[in-house]
1. Right, residue 162: assigned to a helix (DSSP H, G or I) and in contact with a Cys (Cβ under 6 Å, 6 or more places away or on another chain) or not?
2. Among the candidates 65, 98, 117, which residue alone is buried (at least 19 other Cβ atoms within 10 Å of the Cβ), in the same structural domain as residue 201 (by TED's automatic domain parsing), at pLDDT 95 or above and more than 16 Å from the ligand (Cβ to nearest atom)?
3. Looking at 178, 141, 173, 124, which is the one that is among the polar types (S, T, N, Q) and surrounded by 14 or more Cβ atoms within 10 Å (Cβ to Cβ)?
4. What is the number of the single condition among (1) over 25 Å from the mean Cα position of the chain (by Cα); (2) assigned to a loop (DSSP other than H, G, I, E, B) that residue 51 does not meet?
Amino acid sequence: MPRINPKWIFPVVLLFVTPLGARERTGVLAPPEVKKAQDQILARLKAGNKHYAQHMTRHRGNPLVMVVSCADAHVPPEAVFNMQPGELFTNRAFGNIVDKVILGSLEYGAEHLGCKVLVVMGHTGCTAVRDAISEYDHPRTEWRSLNLQALDQKIEPAVAEVEDTQNKVKAQTGSSLTGDAFVEAVVKANILSTMRAIREQSPILWNLEQQDLLRIVGCVYHKDTGKVEWIK
Ligand SMILES: [Zn+2]
């Protein structure tokens, strides 16, 4: 049997895979102005990095704090806490939720980087929370993306919890939270839900907290004022 030269394997595989991949991408191609916008964005990133590299100061040592926060572009943890690069070990996902991968990252931060504080930060007007509320009120029959469904399922318990509490309040007093006040109540419940998930799903982090080697705290970032409200 003839030996196959390993250096040919990759080009041959590519030859077969590329047309399949190309066919998968059929559909309406983006208009030229989108390509132009993408080029401009990348040019800005490159220019930004050039500036950064010229002015950066070297950072040594381990971070002080781990942060779990929303991916929302208006909630940058380093800026919110006035921290320098190297000081925060930041883990961000839309809706400040945790999954196995993020928990693994936090365990690494606590055990190997020696972080002693873990902050779970939600924020006012969180779109992920708003979406979860509208999904709870009008559940779709079918999800186009299992990934988006998984994200929604992480926030739904907080929505259900606030909905349940507010139903009881309404039964007793005749009124309950609505609109933004309801959203902010879910934002808080979702922060607490993430803190609970960290403790329940990571024995490592739970143990460190039990020994007072790690402090887990929650807070809400108010987008309108820039202030952080610590949850008791
Ligand atoms: Zn958010």
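1. The answer is no for residue 162.
2. Values: 98 fails: more than 16 Å from the ligand (Cβ to nearest atom); 117 fails: buried (at least 19 other Cβ atoms within 10 Å of the Cβ).
After ruling out the rest, the residue left standing is 65.
3. Values: 178 fails: surrounded by 14 or more Cβ atoms within 10 Å (Cβ to Cβ); 141 fails: surrounded by 14 or more Cβ atoms within 10 Å (Cβ to Cβ); 173 fails: surrounded by 14 or more Cβ atoms within 10 Å (Cβ to Cβ).
Only one candidate passes the filter, namely 124.
4. It fails just one condition, (2).
The values are calculated or read from the model by the stated rules, or taken from the named source; none is laboratory data. Not measured: the values here are computed from a predicted model. Note that each Cβ is placed from the backbone with ideal geometry, even for glycine, and that neighbours are counted across all protein chains shown.
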